[in-house]
Amino acid sequence: MAEDQTRWLTQEAYDRLNQELTSLKENRPVLAAEINERREEGDLKENGGYHAAREQQGQEEARIAYLEELLDSATIGEAPQESGIAVVGSVLHVYYDDDEDDKETFLLGTRGLESSNPDLETYSTDAPLGAAIVGAKNGESREYKTPNGDTVKVTLITAEPYDPDRDVPRAEQ
């Protein structure tokens, strides 16, 4: 993420990510102790437990760094209250290439973040689809290029404010 790029988060998302960051930091001594314990088991070349603990430590430290950068640059705001326009924080229902059977529902959000419902896909406004659809009104179609160069037409069916209690899982679309 660019240093000068601000990310929009709801207070709920900010609190959830801040709690995750706190938990990861609190787990540092536990992981360090496990690594030391595994190191004492003997030959490090064949010590699977040691290598697994080191791998977990690396993943957690990377997540800590990411969350710190994200939370430092975040702008806290309310989820959109109005329906009918594709804005960050909206759940969008779309179809592709004039095929009304080729539907998808997703959260228009921030790269690297998920909705509180793991079954709801999140697309960033940095992605080709997100960049194309942001600002569209219900019924409006836009085109975008995929990474492989194909042009895709996407039509916004509806845009609704994000509601963690009402997210539509992918399996139920």
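Given the criteria closer than 18 Å to Gly109 by Cβ and surrounded by 14 or more Cβ atoms within 10 Å (Cβ to Cβ), does Leu17 qualify?
yes
Pairs needed: first member in segment 86-98, touching a residue at least 60 places away in the same chain (Cβ under 8 Å) and open to solvent by 20 Å² or more (accessible area, probe 1.4 Å); second member anywhere, part of a strand (DSSP E or B) and not β-branched (Val, Ile, Thr); C-beta distance under 6 Å; at least 6 residues apart or different chains.
Pairs that qualify, where the first residue is touching a residue at least 60 places away in the same chain (Cβ under 8 Å) and open to solvent by 20 Å² or more (accessible area, probe 1.4 Å) and the partner is part of a strand (DSSP E or B) and not β-branched (Val, Ile, Thr), are Val88/Trp8; Val88/Leu108; Tyr95/Asp102; Tyr95/Lys103.
For segment 67-91, name all the residues that are part of a helix (DSSP H, G or I) and modelled with pLDDT of 90 or more.
Selection gives Leu67, Glu68.
If we keep just the residues of segment 20-49 that are open to solvent by 50 Å² or more (accessible area, probe 1.4 Å) and part of a loop (DSSP other than H, G, I, E, B), which is modelled with the highest pLDDT?
Here the answer is Glu40.
The values are calculated or read from the model by the stated rules, or taken from the named source; none is laboratory data. This is a predicted model, so every value here is computed, not measured. Note that we place each Cβ from the backbone using ideal geometry, even for glycine, and neighbour counts take in every protein chain shown. Remember, those area values only see protein heavy atoms, side chains included, never the ligands or the DNA or RNA. Shrake-Rupley method; radii C 1.70, N 1.55, O 1.52, S 1.80 Å.
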